[in-house]
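The values are calculated or read from the model by the stated rules, or taken from the named source; none is laboratory data. All figures in this text were calculated on a predicted structure; none of them were measured in a lab. Here the Cβ positions follow ideal geometry from the backbone for every residue, glycine too, while neighbour counts run over all protein chains shown.
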Amino acid sequence: MYRLLDEARSGENTFQKRGKFFCGVFVNELLVGCGGVNLDPYFDTRVGRLRYIYVLRKFRRRGIAASLVRELLRPSKPSFKTVRLRTSDDSADKFYDALGFTRIDDQTATHFIEI
């Protein structure tokens, strides 16, 4: 989460260019989750990158992250053909598999989905 904040403060990543989206999930006015889609820096402009999917520990296992990812992919369709991501967490690996992402063996990504 700190990397997300640092990049926003520095202007390195503000999710404000074409094809970029960022959204949050609120429960009773409390921000409990967030995430975004950017251009994938390792590919051309038709490939997006899912980034910074966070859900507060207390709110996990309620479908919030799945809803968040689906909501981020929906508006990405006009801009991207494929969305990729990288994770090193076994639970996240299973989570993305369950959402329809395909596991890949690549130095810059672990999963992708055609949208």
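Looking at the stretch 66-84, I want the residues that are farther than 13 Å from G35 by Cβ and have a partner that is outside any helix (DSSP H, G or I) and of a type in the set (D, E) with Cβ atoms under 7 Å, at least 6 apart or on another chain. Which pairs are those?
Close Cβ pairs satisfying both conditions: K81/E114; T82/E114; R84/D40.
Identify, please: which residue in the stretch 65-88 is basic (K, R) and farther than 15 Å from D106 by Cα and is, among those, surrounded by the most Cβ atoms within 10 Å (Cβ to Cβ)?
Selected residue: K81.
Select, from R86, R70, the only residue that is basic (K, R) and in contact with a Ser or Thr (Cβ under 7 Å, 6 or more places away or on another chain).
Answer to the selection: R86.
Could you tell me which numbered condition N38 fails, if it satisfies all but one of (1) surrounded by 17 or more Cβ atoms within 10 Å (Cβ to Cβ); (2) at pLDDT below 95; (3) not in a strand (DSSP E or B)?
Going through (1) surrounded by 17 or more Cβ atoms within 10 Å (Cβ to Cβ); (2) at pLDDT below 95; (3) not in a strand (DSSP E or B) one by one, N38 breaks only (3).
Restricting the stretch 62-115 to residues that are outside any loop (DSSP other than H, G, I, E, B) and among the acidic types (D, E), which is farthest from the chain's Cα centre (by Cα)?
Selected residue: D90.
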